[in-house]
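Structure, as structure tokens:
The values are calculated or read from the model by the stated rules, or taken from the named source; none is laboratory data. Note that the structure is a prediction, hence the values are computed from the model and not measured. Glycine also receives a Cβ, built like all others from the backbone with ideal geometry; neighbour counts cover every protein chain displayed. Please note that ligands, DNA and RNA were not included when accessible areas were found on the heavy atoms of the full protein model with its side chains. Shrake-Rupley method; radii C 1.70, N 1.55, O 1.52, S 1.80 Å.
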Amino acid sequence: MAGSIVIFAADPVRGNIIRKALQQNGFDSLLNDQTVNAESIIIHSVPNVVILDTKDFLSKDLDFFKSTSHLLSEIALIVLADTLGVFAQASTNFKSAQCLSDPLDTGLIISGVKEILSSRGSEDSLEDNLKGFLDLK
Amino acid sequence: MADVEDYKSEIAKLKKRLAAIEKQKKETPLDTSKFEKTPPSSNATDKTTDRKIDAAIGTSQKTIVSMERGAREGAERPSGPVGLDVGTSNVVMAQNRGDKIQIVRQLNAFFTIPQSKFTRKILEQNDVMFFELEGQYYIIGFSAEDFANLFNANTRRPVEMGLLSAKENEGIKIIQAIIGTIIQKPKKFGEIACFSIPGEPLEGTAFVAGHESLIKKYLESMGYSPISINEGLAIVMSEMVDDNFTGIGISMGGGMCNVCLSYLSVPVITFSIQRGGDYIDTMVSHDVGLSATKVKGIKEESLDLTVLPRNRIETSLHMHYLDLVYTLIHSIQRVISASDRIPKIAAPIPIVLSGGTAMPKGCKENFETALKTVRLPIEISSVRMAKEPLNTTSKGALVMAVTEA
């Protein structure tokens, strides 16, 4: 299925579990263990979905997304967090966001990603139809 | 009409955003060194990854041709990836040979005798593997066990409790000599050699990274590109291809028991307990006054844990076996219950037992009985024995080597 996914996870085991589960379901993903490069990663990979596992992240790690706020308005976020405070801090500026709490449930993550990408697919086809109608492509 | 205007405005915004992204892409350099990326689909890299995974799965399904290394046979010069199990009791090498896996095993033990011209001649005439060092003959491999029995003494080990022994002065030289009896330099420089390493012991201060580093350096010096694999994960890679590489692999070896809970081949939990077959041999040896080498022989030849013991040696063996199994299961319960890394696993997962210490008849049944006495946060579907318990780790290491080649 089309659509790029970026994972931010400080815990390499959890990050790899998410990456492998996505891979098994046919999704490409980019795994990064810190948010310090968030801006350049998002600029270069232009993801449809960001998966943010907040386990072992410090509060300041979430601040990196503030500097990228202008890039996030078209990106859907899946946050793995146990507190609403963390979820609220992480999800500001994203197009949409959903929160999943522990235990790590790859089934729910995959469902979330599929849902986001299928709605993205229908948006894209609407955009393509419109571009065709307006002779823009 | 207003709708079309809205869409036009939206499209203009989109185009503007795309242009801004393109501009930022050019301006912002990206450090990709810290990324771990699933290769993008529908390109050459993806096909290569698919081929590697297929090759690894194919390797795990091959049948094994096994042999013990004698003095007459020369060591192998592998052409292709190699799996190496550097265990406390044995060093085992696995490599692909057509549609089969060739396994070569050597005993990881030595025995020293004083140097003399006469002894040398006898050793050479009898195809005994040995090397000379500081006025001693170091008899290595299977020959060492024969000599130990002859002298009613115990063999010595360069690896103790799963890690290079600090007790032996020449430990590194001996382990190098033993590995050297089963593999030589590869035919092609830089061939992948994947070797097994234990998990961090739950108790004690053993330093696994040091052990790993020394083996790695030696393999590098031989011309390999060495990588390591946790021993428990090697069991999963070898035996759980039909379970999506999800389950608990347990290697019950000579020096320790290694455990790995794997999810889709990701080692979620790995640990070891520094008790294994040697612990049982030593404890029984203390109980009954026989040498540990003799106890090991009795254990390997005739121990049956499904029937009542017939003498005091068997009684002692039964007791210490059960002690080991219960210690192992309670460790698993303690570690898994305390972990917050375990993902939600929809279906029950299997446990595979492997290693020489799991081989006596009834070990699996004892494990199942003991497992019923503890509550785990994950459901277990079955407990099964590895197809070839002595070769599973090296085969799993080979599967990993093939994936990385």
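Summary of values
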read-out	value
The listed residue being basic (K, R) and open to solvent by 30 Å² or more (accessible area, probe 1.4 Å), out of B:K364, B:K299	B:K364
Selection from the range B:194-212 of residues that are among the hydroxyl-bearing types (S, T, Y) and modelled with pLDDT of 90 or more	B:S196
Scan of the range B:170-180 for residues that are crowded, with 23+ Cβ neighbours inside 10 Å and farther than 14 Å from B:S221 by Cβ, ordered by number	B:I174, B:I178
Every pair of residues 6+ apart whose Cβ atoms lie under 7 Å, when the first sits in the range A:9-35 and is more than 7 Å from chain B (Cβ to nearest Cβ) and in a helix (DSSP H, G or I) while the second is open to solvent by 10 Å² or more (accessible area, probe 1.4 Å) and of a type in the set (D, E, K, R)	A:P12/A:D33; A:G15/A:D33
Residue ranges of strands (runs of 3 or more DSSP E) in the range B:93-188 with at least 1 members among the acidic types (D, E) and farther than 22 Å from B:S79 by Cα	B:130-133
Pair list, Cβ under 7 Å, 6 or more apart: the range A:67-82 residue under 9 Å from A:N93 (Cβ atoms), other residue open to solvent by 60 Å² or more (accessible area, probe 1.4 Å) and not in a loop (DSSP other than H, G, I, E, B)	A:T68/A:E39
Selection status of B:K372, of a type in the set (K, R) and more than 14 Å from chain A (Cβ to nearest Cβ)	yes
Count - residues of the range A:78-100 that are of a type in the set (A, V, I, L, M, F, W, C), within 20 Å of A:V113 (Cβ to Cβ) and assigned to a helix (DSSP H, G or I)	2
Filter result for B:L164 (over 25 Å from the mean Cα position of the chain (by Cα) and closer than 28 Å to B:V295 by Cβ)	no
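Yes/no matrix, rows are residues, columns are (1) within 14 Å of another protein chain (Cβ to nearest Cβ); (2) assigned to a helix (DSSP H, G or I); (3) farther than 15 Å from B:V335 by Cβ:
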| position | (1), (2), (3) |
| --- | --- |
| B:A234 | no, yes, yes |
| B:M237 | yes, yes, yes |
| B:I250 | no, no, no |
| B:S262 | yes, no, no |
| B:T270 | yes, no, no |
| B:M283 | no, yes, yes |
| B:D287 | no, yes, yes |
